[in-house]
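Remarks on the structure that follows.
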Ligand code: XIL
């Protein structure tokens, strides 16, 4: 690294932001914290732009056995505090095997009642709800948990899946209910699935992360109801809880399904000794933040508490501050996170080695202008397309891509591109940060839609 030449841009460097929330906002994501009503010190609104109730919105706190609400004052306090400090709220959590309280053992009908009551109570004041939390089993089996609410899964014809008419699936059915409530109320709330040990493509020793793969399959299958995926990211010495260097690739593959990805409950054991990619805690924090920043659809990071001593795992000293009771001191990990956020989504330091030439060159290399290829991820009733725009032998300063969708297919949203039209011939063009592409280099955008999109032939024009 020592010999890397840092290219100075002619514009003066923007002043670094001095709080996590400001630095994150500049990079286009939120930086949040788990909180409780007795810990709403000024630092909460100063450093953080999103709040997750650490315990006050869990069923054991707010649900009655018939799916009604009770004891919502703590949750109300947190939502009000967030609102007056201009923070987003993540509702946590509707369907969970743990801290289920009076809902333990409840039927899907009762869960559905609770889902409706809880979502409607706070409406769009909740930006994201964890609809289903921790549905998958420990120890990298890739199976669903053999623990209530799995009892609401029913494989009616015994073919080994939950997809047939007559089958029930607590994950799907809870999301369907939540989506109905959101749509009926015209709410902006996004619906998330959240889990732990799903962070990397692999776990210790390079073993495939089957739990992450199982989550991926769930999101792909039920994509029409699921808006976002949370990686809890409680990193510790468990071999399935480590930080691997394929964290970013795993975030990316979920993002490619068209969902937002969040790091939802981040803490990092300060003696994490058997991880693949990091030495000290600060360095590990930096890596997690960078992995998120490098994926445009990774739209938020939340740490699970303010200070080590007030953490649910205080012995791991896994957070960004020491101290307590409103008086906190920043750790090295804090400074590393702030610094990484301040670098923004696009790293400013050029790679130390020249980019590797792709091993499979395009069959007909474009002379000048640009070319585009599309890769498609489809499921029954929907699809996500990722389009790669490659500049020809000369740099380009803007691009547009035209695609004709088969009849019945409609684009519902796009990222990293402006869009005009949603069916038939649809036009995409660069946004401010991805119009300039050097000769032979590429950039990507994506879009999501309903219906079937086959035989897409993108036509690229350069500006
Ligand atoms: C933890 C809280 O931090 C503790 O205070 C509580 O005693 C138990 O739950 N995954 C989750 C969180 O989704 O809700 C958990 O929070 C931590 C693990």
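The values are calculated or read from the model by the stated rules, or taken from the named source; none is laboratory data. Since the model is a prediction, treat every value here as computed from it, not as a measurement. Heads up, the Cβs are rebuilt from the backbone with ideal geometry, glycines too, and the neighbour counts pull from every protein chain shown.
So the values come out like this:
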read-out	value
1 or more residues without any contact (Cβ under 8 Å) to a residue 12 or more places away in the chain: qualifying strands (runs of 3 or more DSSP E) within the stretch 366-427	418-420
Pair list, Cβ under 7 Å, 6 or more apart: the stretch 227-256 residue on the phi > 0 side of the Ramachandran plot, other residue more than 16 Å from the ligand (Cβ to nearest atom)	233/288
Checklist (1) touching a residue at least 24 places away in the same chain (Cβ under 8 Å); (2) surrounded by 15 or more Cβ atoms within 10 Å (Cβ to Cβ) applied to residue 463, failing item	(2)
Hits in the stretch 149-172 (condition: in contact (Cβ under 8 Å) with a residue 12 or more places away in the chain, surrounded by 12 or more Cβ atoms within 10 Å (Cβ to Cβ) and part of a loop (DSSP other than H, G, I, E, B))	149, 153, 155, 163, 167, 169
Any hit, the stretch 428-441, residues being surrounded by fewer than 17 Cβ atoms within 10 Å (Cβ to Cβ), part of a strand (DSSP E or B) and within 23 Å of the chain's Cα centre (by Cα)	no
Checklist (1) away from the ligand (no atom under 16 Å from the Cβ); (2) buried (at least 18 other Cβ atoms within 10 Å of the Cβ); (3) more than 15 Å from residue 127 (Cβ to Cβ) applied to residue 84, failing item	(2)
The stretch 190-208 - residue that is in a strand (DSSP E or B) and touching a residue at least 40 places away in the same chain (Cβ under 8 Å) and, of those, nearest to residue 138 (Cα to Cα)	195
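Conditions (1) more than 16 Å from the ligand (Cβ to nearest atom); (2) at pLDDT 95 or above; (3) exposed (fewer than 12 other Cβ atoms within 10 Å of the Cβ), marked per residue:
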residue	(1), (2), (3)
299	yes, yes, no
333	yes, yes, no
344	yes, yes, no
354	yes, no, yes
380	yes, no, yes
384	yes, no, no
394	yes, no, no
403	yes, no, no
